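Take a look at the structure below.
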Amino acid sequence: VLYDVFYNKVKLNDTFDNNIINHNCIKEEDISFIRRETSGVIEKIDEIDFIINQFSKVKINKLNKDILIILRLALYEILYMDKVPDYAILNEYVNMTKHSKSSKLSGYVNAVLRNILRDEKLINKYKNDSKNEKIVKNCYFRIYNNHEDHVLDELNSKSIRYRWSRKNKLKNR
């Protein structure tokens, strides 16, 4: 899916429908996971590529396309998803590399991901930011959908910035 989006310039929904949804053997929860991960990589591509460039001796414009996609997926899971432990993500993506056309580069993928995981400040920064982002998104959702005044009061008391919409007007409080 990501190869089509980045290198064949196919729209995400089109390639997702062709590659994932049309295969009846994939479970519904797996489809939602794949959709969340692929759209997340696309959304956070600048941050992910910046980090890869910091920890890789080979810059992203010179990297093998398959390896770059594997690194992007792994890094997105490490930084922005918290259901799977980091060591399992590392192991899974190294094994994925071993079974790809670029199997000789599995040591490289292992080295880059391990170096990223060793930088605890970086990992904690992104994990904490993504937790805060989830809380804020949840607040947006509740305000937008319910227009609950007690939620607005609670947010005001905690000095949290947010935006809400009522009658198509955006306001900052």
inquiry  = Among the residues of segment 46-58, what is the count of those that are charged (D, E, K, R) and not in a helix (DSSP H, G or I)?
reply    = 1
message = Among the numbered criteria (1) surrounded by 15 or more Cβ atoms within 10 Å (Cβ to Cβ); (2) not in a helix (DSSP H, G or I), which one does Asn61 miss?
response = (1)
request  = Please indicate, with yes or no, whether at least one residue in segment 91-112 is under 16 Å from the mean Cα position of the chain (by Cα) and at pLDDT below 55.
outcome  = no
request  = Scan segment 1-17 residue by residue and report those that are of a type outside the set (A, V, I, L, M, F, W, C) and touching a residue at least 12 places away in the same chain (Cβ under 8 Å).
outcome  = Tyr3, Asp4, Tyr7, Thr15
task = Scan segment 107-119 and report the pairs whose first residue is among the charged types (D, E, K, R) and whose second residue is open to solvent by less than 60 Å² (accessible area, probe 1.4 Å), with Cβ atoms within less than 8 Å and a gap of 6+ or a chain change.
result = Arg114/Leu90; Asp119/Phe55
query = For segment 77-97, does any single residue satisfy the condition of being part of a helix (DSSP H, G or I), over 21 Å from Glu43 (Cα atoms) and among the hydroxyl-bearing types (Ser, Thr, Tyr)?
reply = yes
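The values are calculated or read from the model by the stated rules, or taken from the named source; none is laboratory data. Because the structure is a prediction, the values reported are computed rather than measured. Ideal geometry is used to build each Cβ from the backbone, glycine not excepted, and the neighbour counts take in all protein chains shown. Protein only, heavy atoms only, side chains kept; ligands, DNA and RNA dropped before computing areas. Shrake-Rupley method; radii C 1.70, N 1.55, O 1.52, S 1.80 Å.
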